[in-house]
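*Asks:* Here's a structure for you.
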Amino acid sequence: MAKLNFGGVEENVVTREEFPLDKAQEVLKDEIVAVIGYGVQGPGQALNQKDNGINVIVGQRKNSKSWDKAVADGFVPGETLFEIEEALQKGTIICYLLSDAAQIEYWPKVKQHLTPGKALYFSHGFGITFNERTGIIPPAEVDVFLVAPKGSGTSLRRMFLQDRGLNSSFAVYQDATGKARERVTALGIAIGSGYLFETDFKKEVFSDLAGERGTLMGAVQGIFAAQYDVLRKNGHSPSEAFNETVEELTQSLMPLVAENGMDWMYANCSTTAQRGALDWWKRFRDATSPLFEELYESVAKGDEAQRSIDSNSKHDYREKLEVELTELRESEMWRAGKTVRSLRPENN
């Protein structure tokens, strides 16, 4: 296992070089990996494992949209695609990839099939960390671990098909067989991770909830909206406001950051842009730090988890979600974005 050391903090990481795919295949050769749920993470993880030669099956409710998607993706009913309970029975490693709310709902059925020696796999520390709220307490005789890709299942699959890898965290919560670390590492490689860095369930879910609500999704949308609105109020056209707020960032600058870091992106911009960014970034940091502190405190207290459980467990959750997503989609900024994207040369 490789080690990283930044600021006196030593981290354990696993790379494909030290744990190649053939080693993962050997570790998992006698396993049946049952991917339960075919929504956000399920398709990417299941398909990548399938393409990597792992014996993977999918458990999903029959006659659902996700069932039909799994069929379209090549999973065969009765062979590699089953109703959830049958997949739970067949699987030796249960990849529990339902939504957090659905995990609570299905837990009594899942627990029945967690016989000694099996493994319970998560891609999120939510259910275990907040088990006093979720009721998810695994039997002592099974391994419990997670691999959490640092991105969506869609990105995991796209990067796999490009022969790239999305970095993932991994953690072992319970090692009943003495092979939990080997099993989780093999799965991390099999789903297409770039490299694996070690964490624990609590840190994974705290960082994940803070990140999603912060820079990854919540904060970036808020900043986009604020800048776009200021430009529009000052007479800039929708096209100009969107291009200066979103398009230039996502299509030009962030790929440079991904390639070599923020300093390299700065170095490849005009001296005027450099000067302005260096003058203003600390002001944005100082202005938003209190909000991030408030956000992390809310995560640590369990308030964010409870809000998710309460909201996502309601019978009309999806209808209400669609209302909020429609409001976002139909805002002027994202309607302008749809038009801008349609005019990209690759789309014509």
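*Asks:* Viscosity 0.692 mPa s, temperature 37 °C: what is the translational diffusion coefficient of the range 209-345 from Stokes-Einstein with a Kirkwood Rh over Cα pairs, rounded to a whole number of µm²/s?
*Replies:* Using the Kirkwood radius from Cα pairs, D works out to 188 µm²/s.
*Asks:* Let me ask you something else. Using amide H atoms built in the peptide plane, which far-off residues or other-chain residues are under 5 Å from Gly125 H to H?
*Replies:* Sorted by chain and number, the residues that satisfy this are Val205.
*Asks:* Given the options Thr129, Ile36, Trp107, identify the residue whose Cα lies farthest towards the positive end of the charge dipole of the range 1-134 (+1 on Cβ of Lys, Arg; -1 on Cβ of Asp, Glu).
*Replies:* In the range 1-134, that residue is Trp107.
*Asks:* Shifting gears a bit: Modelling each spin label as a point 7 Å along the Cα-to-Cβ direction, I'd like the Lys109/Asp163 distance in nm, to one decimal.
*Replies:* Taking the simple label geometry, Lys109 and Asp163 are separated by 4.1 nm.
*Asks:* Helix 317-329 sits at what angle to the longest principal axis of the chain, using alpha carbons and giving 0 to 90 degrees rounded to 10?
*Replies:* Relative to the chain, helix 317-329 is tipped by roughly 30 degrees.
*Asks:* How far is helix 218-233 tilted off the main Cα axis of the chain, in degrees rounded to 10, range 0 to 90?
*Replies:* 20
*Asks:* Given Cβ point charges of +1 (Lys, Arg) and -1 (Asp, Glu) and nothing else, what value in debye, to the nearest 20, does the dipole of the chain about its Cα centre take?
*Replies:* 380
*Asks:* Put +1 on the Cβ of every Lys and Arg and -1 on every Asp and Glu Cβ in the chain; which of Gly59, Ala210, Thr199 then has its Cα farthest towards the positive end of the dipole?
*Replies:* In the chain, that residue is Gly59.
*Asks:* Now, a different point. Quick one: which residues, 5 or more positions from Ala2 or on another chain, have an amide H under 5 Å from its amide H? H modelled 1.01 Å from N in the peptide plane, none for Pro or chain starts.
*Replies:* Amide H to amide H, under 5 Å and 5 or more residues apart or across chains, Ala2 pairs with Val13, Thr15.
*Asks:* What residues have an amide H closer than 5 Å to that of Glu141, excluding those fewer than 5 places away on the same chain, when H is modeled at 1.01 Å from N in the peptide plane?
*Replies:* Distant-sequence amide H within range of Glu141: zero hits.
*Asks:* Here's something else I'd like to know. To the nearest 500 deg cm²/dmol, what mean residue ellipticity at 222 nm is calculated for the chain from DSSP H runs of n ≥ 4 alone, each contributing -39,500 (n - 2.57), summed and divided by the residues?
*Replies:* -15500 deg cm²/dmol
*Asks:* When the Debye formula is applied to the Cα atoms of the range 1-198, each taken as the same point scatterer, what base-10 log of I(q)/I(0) results at q = 0.09, 0.13 Å⁻¹?
*Replies:* Summing over Cα pairs of the range 1-198 leads to -0.30, -0.64.
*Asks:* Further question: Treating the angle as unsigned and between 0 and 90°, give the value, to the nearest 10°, between the Cα long axis of helix 303-312 and the longest Cα principal axis of the chain.
*Replies:* 80
*Asks:* Answer with a single label: of (1) 33, 23, 18; (2) 42, 21, 17; (3) 37, 24, 22, which was calculated as semi-axes √(5λ) of the Cα gyration tensor in Å from the structure in view?
*Replies:* (3)
*Asks:* Let me ask something additional. Go through the range 225-317 and name the trypsin sites (Lys or Arg not before Pro) that are in a DSSP coil and have 16 or fewer other Cβ atoms within 10 Å of their Cβ.
*Replies:* Here the trypsin sites (Lys or Arg not before Pro) that fit, given the DSSP loop and packing criteria, are Lys301, Lys314.
*Asks:* Please get the size of the charge dipole for the range 285-346, origin at its Cα centre, with Cβ charges of +1 on Lys and Arg and -1 on Asp and Glu, quoted in debye to the nearest 20.
*Replies:* So the dipole magnitude of the range 285-346 works out to roughly 400 debye.
A short reminder: the numbers here are calculations on the coordinates, not readings from a lab. This is a predicted model, so every value here is computed, not measured. Heads up, the Cβs are rebuilt from the backbone with ideal geometry, glycines too, and the neighbour counts pull from every protein chain shown.
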